[in-house]
1. D154 to T225: extension gain in nm, 0.36 nm per residue of separation minus the Cα-Cα distance?
2. Just P156, P235, P185 to compare: in a GNM of the chain, with alpha carbon springs under 10 Å, which one fluctuates most?
3. Given charges of +1 on the Cβ of Lys and Arg and -1 on the Cβ of Asp and Glu, with all other atoms neutral, how large is the dipole of the chain about its Cα centre, in debye to the nearest 20?
4. What shape does segment 2-129 take by its C-alpha gyration tensor, where a ≥ b ≥ c are the square roots of the eigenvalues and a/c under 1.5 counts as rounded, a/b above b/c as prolate, and the rest as oblate?
5. Would you tally the net charge around D167, using a Cβ to Cβ cut-off of less than 13 Å, leaving D167 out, and scoring K and R as +1, D and E as -1?
6. Pop a pseudo-label 7 angstrom from the Cα along the beta-carbon direction at both E97 and A206 and give the gap in nm to one decimal.
7. Search the structure for amide H atoms under 5 Å from the amide H of D31, placed 1.01 Å from N in the peptide plane, and list their residues when 5 or more places away or on another chain.
8. Lys/Arg Cβ at +1, Asp/Glu Cβ at -1, dipole of the chain taken about the Cα centre: which of V58, M168, C14 is farthest positive-ward?
Amino acid sequence: MRIGFASDGFGLECKERLKARFAGQGHSVVDVCAANLCGGDYQSITDQLSSALYTGCVERGVLICSRAIGASVMANKHPGVRAALCHDVHSARQGVEDDGVNLLVLRAGVVTLDLACALADAFVQASYPPGEREFGMPPRRLARVVEYIRNHLDQPLAVSALSRLADMSQSHFSKLFKLSTGLAPHQFILQERINRSKELLRQGKAKIVEVALGVGFENQAHFTTVFGNFVGMTPRQFQRSSDHEGGGMFHPRLEVEVARSW
């Protein structure tokens with residue numbers, strides 16, 4: 001199994017132990033974190049691990065951080081991600097078997113190393129029930145559409161154009177896209193624009209109006225309204241919060257190779 005791992009600075013020791021444990025068991029281990037970590041920066045690592053899960057780079061994810069509740073809430077806003085904060089083995093196993101949980105969140109400093117190993121073992125060994133993805137868009141077509149969206153966020157993205165890219169009728173494309181991602185195409189595009197804007201704001205280099213235009217909004221006012229609805233704070237507040245928590249450091253999105261064939 002391909003297992004993705006991420007942690008803030010507080011969960012680093014636990015993450016390294018889990019990585020070694022599962023690599024030793026023959027699993028493929030993917031660490032989505034940059035080499036240099038800031039103690040309180042849980043936002044970008046949550047985004048990166050959630051993106052890896054959604055795009056299929058990893059099949060399960062384990063996130064260890066000090067802001068575990070916030071990370072769980074944040075991860076569950078990503079399409080295709082079902083995150084749960086678990087501190088007992090039964091919940092870790094049943095979350096997968098009953099509810100299709102694919103991201104296990106552990107709170108650093110609360111879960112001991114031995115308990116973390118037991119929780120992660122139960123999580124990875126549990127069987128995932130067949131879900132709606134079996135009836136959604138073929139993964140390679142979906143990956144191609146998602147890659148196109150992410151590469152053209154600064155441009156108009158009509159559903160009609162995306163459906164042609166997937167070689168489907170517009171109605172069929174919209175139905176299968178929502179089955180695969182949990183979001184209608186226009187909702188997914190909007191969420192991707194907000195996610196990209198968060199990355200740009202964390203860099204702290206661009207002006208807010210430049211960020212707004214760079215992710216496809218017509219003006220700063222509209223961007224500020226939509227951003228507030230998604231994130232719960234203004235772009236300026238988010239930028240200042242990111243500077244305070246992460247020292248202004250930006251961790252780039254995990255790159256995912258998209259299959260070229262259909």
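1. Details: separation 71, 0.36 × 71 = 25.56 nm, distance 1.78 nm.
Gain on extension, D154 to T225, equals 23.8 nm.
2. So, out of P156, P235, P185, the one fluctuating most is P156.
3. Details: 29 positive and 26 negative charges, 105 e Å.
Charge dipole, the chain, about its Cα centre: 500 debye, nearest 20.
4. On the way: a/c = 1.26, a/b = 1.13, b/c = 1.12.
Judged from the Cα gyration tensor, segment 2-129 comes out rounded (a/c under 1.5).
5. Numbers: positive: R140, R141, R144, R164; negative: none.
Its environment carries a net charge of +4.
6. With each label point 7 Å from Cα toward Cβ, the separation is 4.7 nm.
7. Under 5 Å from the amide H of D31: F5.
8. After comparing all options, I get M168.
Computed from the coordinates by the stated procedures, all read-outs in this text should not be read as laboratory data. This structure is a prediction, so every number in the text was calculated from the model and none was measured. Cβ atoms come from the backbone with ideal geometry, glycine included; neighbour counts cover every protein chain shown.
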